[in-house]
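What follows is a single structure, written as structure tokens, with notes after it.
The values are calculated or read from the model by the stated rules, or taken from the named source; none is laboratory data. Bear in mind that the values here come from a model prediction, so they are computed numbers and not experimental data. Cβ coordinates were reconstructed from backbone atoms using ideal geometry, including for glycine residues, and neighbour counts include every protein chain displayed.
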Amino acid sequence: MTLEKYEKELSKCVLCGICSRAYFDRIKSFKVCPTREECGFESYDAKGKILIARALLKGQLDYDDKLVKRLYEGCLLCGNCKSICPLGVDTISIFKAMRQDMVRMGLGPVEPLKIVDTNVDEKFNVFGEDPAKRFVWAKDLNIPKEGETFYFGGCYDSYRFPQTATAAVKILNKAGFEVAYLYDDEWCCGAPQIADGSITVAEKMLKHNVALLKARGAKRIITSCAGCFHTLKTDYKEILGEQPFEVFHISEIISKLMESGKISLNSDVTRKVTYHDPCHLGRYEGIYDPPRKIIEKISGVEFVEMLRNRERAWCCGGGTTEYATFPELAAKIATTRVEEAKTAGAEIIVTACPLCVSVLRPAAYKEKVEVYDLPVFIAKGMGLEID
Amino acid sequence: MEIKNAIEGIVGSEDISDDEFELVCYSKGANADVPQYPLMIVRPRTAEEISSILVLANHTKTPVACWSGATNAVGAIAGRTILLDMTAMDKILEIDDENLTVTVQAGITWGELLTKLERQGWTTGPCPQDGLASTVGGGVALSNNAVWSGKYGLVGEQIVGLQVVLPSGEILRTGAGANPNSRNFYRYGWASDLTGLFIGSHGILGVITEVTLKMYPLPETRGSCGFGFDSLDSAISALNRIQKRRIPLEYAGIALKEHNPQFEFPATLVPIIVSGTTEEVDVELKRIRHLCIEAGGKEVAQKIADEQAEGVEMARYGTSYIFGNEIPPGNRKLVNMHPCCSCLPTLDAPKLIKDVKQFVNDAGVKKSNIDVAFAIWACENCLICSPLVYYDAMDPEAEEKVRNFILRLFDRMSNLGFTPHYLGRLRSPAVMGKLGAYSKVLGDIKKTLDPNNIMNPGVLPYYY
């Protein structure tokens, strides 16, 4: 069992319940676990799952269909519990280990994720789309196939939000930043499989992407997807060892380009704008300031923070796998987040992850709040043609 | 299961579970108790639902217990019960800023309540030692002691009235609210104080569903100072001088040198926090300085006082509960902790603490990876002294060793005159038999209210 590796980690938890019900930061008290708040029972939160993991290890409990469903449904892998644990219990690794064990035993992942895994295994993208269509967005952009700096599109931006990928590349080009692109040789980064426990499929993606990037001379990779960013930057290193390239999120690069005056915005946006921290960019990688600096520099924008921001940001509901698997639960969590943005007075939510956009946008539509991915928001401000 | 179907009819299928994995999740709290597996977990939303469940439970003689996170340190929940997860009942029902009370559902956390009150300029005063993730209902049922209790008194003293569902299913209101024509603004009315009956009752007499608490204006500011003393006796004497003058201390603790080797003075540091208007804080700090210096204290640098105040603030937020700065030096791997919080007369403290230390040494528990540190702070008129029993979470036998040790420790502490705020399964066998008529009366009350002994059986032994 992969879980056995985490026996010591499990022993560290003293069941204080801070991850379960509340975190405190001076006069602010925050709920911690989105699935627990929506669904109620303890098995939805970290403390409950730690007790389940201990019981599994001791042979006091066995996986069954209901438990398998709960272990997927009951965690977004948003990392809020891990980030507030006073004893630093690595909850995320424990929960991922259980998912790997379930897959190995033929019990997981849950059905919709099996389809995602098959799509990725066979068509190299989460949607099961034609691999040749992956680069449709890039066909008029004359992006080279080789170079030192690569743009990694990811499945969501390549197939569902081509505006974002176009915006990212055009912003970089406008600032004099040349990027290369793998076109249909780019495969899914492997994030959904790392999250759902299908490590064999994930490794196939990782190895392919690494081989191609190395062969094409990549020294730097830039992506606009928070999930791809964390996976390329951290998971690749953990699974395959040190890589010969550095990985950046587009927000880091744009922030620097704005600071050096290489990007300027032509049009004013006189609206109240808030920023939603994607879990994979914020809690997972500690990138909080660059997107905020970018938004605050746009003249006319009144930047407002939601009550729960940065390390305490409430997940959009998408997690890495939740949106595909339990859309109704994801929508409820997204609605809570949009309500928080409205309470802060925001008319626009800017985020830095296409999955967050896809989950927040339907919830925000009802509230007449607009949702943009950061590159699109900036490209519009720069007057770039991205449609 | 017939009773499950019947309860499902009361609360709906979404709010009940007897899945094996769910029972595991509710089997253990933040304490060394053996796992207590419930029969099923139910998440009620109203007192009326709880009433119907208790009627059913009484009819079938099925035990019932309440759960609100199990952040308690004592093992306060019986096994094989219909376990009522109270955390869905987490609303603030009324903030009455005319009569200075706040009424909440019992499952709200202290953290959420205090945050929402503080945004409106109010506070309930003390915060229970189980941390702000613990619930108000749990804090009442276990008569929590509290940080900040030097100024406001303990949690029990903040309670104005309760709504309790009795084992019979009848819904009781205590305090002024017993009269349906009255607001719940005043605790002591009509006849006996029934509110007090349920404070510290460990859930054996009914289910607390609503709590009305006193509310205070949020202090404008806080001020801190700290004093080093050459002996525990002189530090205690200083605290007693302050208590005698009824100076309202938010916090006054005693940090022992033996747990804090970085201190530059021989025995203890007394960090003090006061609150109020700027003028009040200035006046009170001046009086405190005078009294502490008179008792032999030497004022420490403001930086040290502020650091200590920061530590207390963190304790208030629940983290020192897990790994407080009292962890015995050299034993930092011992992270699990059982606090044995008890009250004791202020001036008796040095002798009693010495006796407990001697007992711990004689017990030779250090070789079993168990160690004891002391957290000490002032209430209005006495001290709270908590021998903190630390143990190694990695040791699979630690919990059993700790359970045995705690029983012996509490036996000794009760012989010395310590008075714990609550007992739970881990401590009560060492104490309840010594309480004479108190135990008998409690047993008689229990028998009257709960003749079938369905409420949290065995958590608090009582004697018919």
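What the table below lists for this structure:
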{"read-out": "Condition check for residue B:242: in contact (Cβ under 8 Å) with a residue 60 or more places away in the chain, more than 29 Å from residue A:15 (Cα to Cα) and of a type in the set (Val, Ile, Thr)", "value": "yes"}
{"read-out": "Restricting region B:296-305 to residues that are hydrophobic (A, V, I, L, M, F, W, C) and either crowded, with 20+ Cβ neighbours inside 10 Å or outside the structural domain of residue B:244 (by TED's automatic domain parsing) (or both), the residue that is farthest from residue B:264 (Cα to Cα)", "value": "B:305"}
{"read-out": "Helices (runs of 4 or more DSSP H) completely within region B:364-464 that count 2 or more residues being of a type in the set (S, T, N, Q) and farther than 30 Å from residue B:51 by Cβ", "value": "B:398-416"}
{"read-out": "Evaluation of residue B:253 against (1) more than 25 Å from residue B:72 (Cβ to Cβ); (2) outside the structural domain of residue B:114 (by TED's automatic domain parsing) (one fails), failing number", "value": "(1)"}
{"read-out": "The listed residue being out of contact with any strand residue (DSSP E or B) (no Cβ under 8 Å at 6 or more places or on another chain), modelled with pLDDT under 95 and either in a loop (DSSP other than H, G, I, E, B) or more than 21 Å from residue A:357 (Cβ to Cβ) (or both), out of A:184, A:140", "value": "A:140"}
{"read-out": "Restricting region B:317-363 to residues that are modelled with pLDDT under 60 and part of a helix (DSSP H, G or I), the residue that is farthest from the other protein chains (Cβ to nearest Cβ)", "value": "B:320"}
{"read-out": "Given (1) within 30 Å of residue B:388 (Cβ to Cβ); (2) touching a residue at least 24 places away in the same chain (Cβ under 8 Å), index of the condition residue B:24 fails", "value": "(2)"}
{"read-out": "Cross-chain or 6+ apart pairs with Cβ under 9 Å, region A:37-50 first and at positive phi, then assigned to a loop (DSSP other than H, G, I, E, B) and not aliphatic (A, V, I, L, M)", "value": "A:40/B:43"}
{"read-out": "Hey, residue A:277 within 29 Å of residue A:71 (Cα to Cα), out of contact with any Leu (no Cβ under 7 Å at 6 or more places or on another chain) and surrounded by fewer than 22 Cβ atoms within 10 Å (Cβ to Cβ) or not", "value": "no"}
{"read-out": "Test: residue in region B:120-129 that is more than 14 Å from chain A (Cβ to nearest Cβ) and either surrounded by fewer than 24 Cβ atoms within 10 Å (Cβ to Cβ) or modelled with pLDDT of 95 or more (or both)", "value": "yes"}
{"read-out": "Boolean, residue B:452 is surrounded by fewer than 17 Cβ atoms within 10 Å (Cβ to Cβ) and either under 23 Å from the mean Cα position of the chain (by Cα) or closer than 30 Å to residue B:232 by Cα (or both)", "value": "no"}
{"read-out": "Residues that are at positive phi and of a type in the set (Gly, Ala, Ser), drawn from region A:287-311", "value": "A:300"}
{"read-out": "Elements of type helices (runs of 4 or more DSSP H) in region A:205-259, at least 1 residues being surrounded by fewer than 20 Cβ atoms within 10 Å (Cβ to Cβ) and basic (Lys, Arg)", "value": "A:236-240, A:250-259"}
{"read-out": "Candidate set from region B:2-21 (those that are among the acidic types (Asp, Glu) and more than 16 Å from residue B:60 (Cα to Cα)); member that is farthest from the other protein chains (Cβ to nearest Cβ)", "value": "B:18"}
{"read-out": "Looking only at region A:67-93, and only at residues there that are touching a Cys at 6+ places or on another chain (Cβ under 7 Å), in a loop (DSSP other than H, G, I, E, B) and away from chain B (no Cβ under 11 Å), the one that is surrounded by the fewest Cβ atoms within 10 Å (Cβ to Cβ)", "value": "A:79"}
{"read-out": "Region B:55-83, residues that are among the aliphatic types (A, V, I, L, M) and touching a Ser or Thr at 6+ places or on another chain (Cβ under 7 Å)", "value": "B:64, B:65, B:82"}
{"read-out": "From the options B:182, B:143, B:168, B:192, residue that is on the phi > 0 side of the Ramachandran plot and surrounded by fewer than 24 Cβ atoms within 10 Å (Cβ to Cβ)", "value": "B:143"}
{"read-out": "Among the candidates A:32, A:89, A:103, residue that is among the β-branched types (Val, Ile, Thr), within 25 Å of the chain's Cα centre (by Cα) and more than 23 Å from residue B:67 (Cβ to Cβ)", "value": "A:103"}
{"read-out": "Residues that are more than 18 Å from residue B:115 (Cβ to Cβ), of a type in the set (Val, Ile, Thr) and outside any strand (DSSP E or B), drawn from region B:134-172", "value": "B:140"}
{"read-out": "Among (1) closer than 26 Å to residue A:166 by Cα; (2) aliphatic (A, V, I, L, M); (3) in a helix (DSSP H, G or I), the one test that residue A:333 misses", "value": "(1)"}
{"read-out": "Which numbered condition residue A:171 misses (of (1) touching a strand residue (DSSP E or B) at 6+ places or on another chain (Cβ under 9 Å); (2) at pLDDT 95 or above; (3) farther than 27 Å from residue A:207 by Cβ)", "value": "(1)"}
{"read-out": "Selected residue (only one of A:20, A:43 is touching a strand residue (DSSP E or B) at 6+ places or on another chain (Cβ under 9 Å), within 13 Å of chain B (Cβ to nearest Cβ), assigned to a helix (DSSP H, G or I) and buried (at least 21 other Cβ atoms within 10 Å of the Cβ))", "value": "A:43"}
{"read-out": "Odd one out for residue A:6, checked against (1) more than 12 Å from chain B (Cβ to nearest Cβ); (2) more than 23 Å from residue A:327 (Cβ to Cβ); (3) surrounded by fewer than 21 Cβ atoms within 10 Å (Cβ to Cβ)", "value": "(3)"}
{"read-out": "Any pair with Cβ under 7 angstrom, 6 or more apart, that starts in region A:286-299 at a residue that is outside the structural domain of residue A:83 (by TED's automatic domain parsing) and among the hydroxyl-bearing types (Ser, Thr, Tyr) and ends at one that is buried (at least 19 other Cβ atoms within 10 Å of the Cβ) and modelled with pLDDT of 95 or more", "value": "A:288/A:277; A:288/A:282"}
{"read-out": "Yes/no for residue B:242 being of a type in the set (Val, Ile, Thr), assigned by TED's automatic domain parsing to the domain that holds residue B:294 and either surrounded by fewer than 17 Cβ atoms within 10 Å (Cβ to Cβ) or modelled with pLDDT of 95 or more (or both)", "value": "yes"}
{"read-out": "Residues being of a type outside the set (Phe, Trp, Tyr) and under 21 Å from the mean Cα position of the chain (by Cα) - total across region A:370-387", "value": "7"}
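This table checks each residue for (1) within 14 Å of chain A (Cβ to nearest Cβ); (2) surrounded by fewer than 24 Cβ atoms within 10 Å (Cβ to Cβ); (3) not in a loop (DSSP other than H, G, I, E, B).
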| position | (1), (2), (3) |
| --- | --- |
| B:31 | yes, no, no |
| B:34 | yes, yes, no |
| B:37 | yes, yes, no |
| B:44 | yes, no, no |
| B:48 | no, yes, yes |
| B:55 | no, yes, yes |
| B:69 | yes, no, no |
| B:75 | yes, no, no |
| B:79 | no, yes, no |
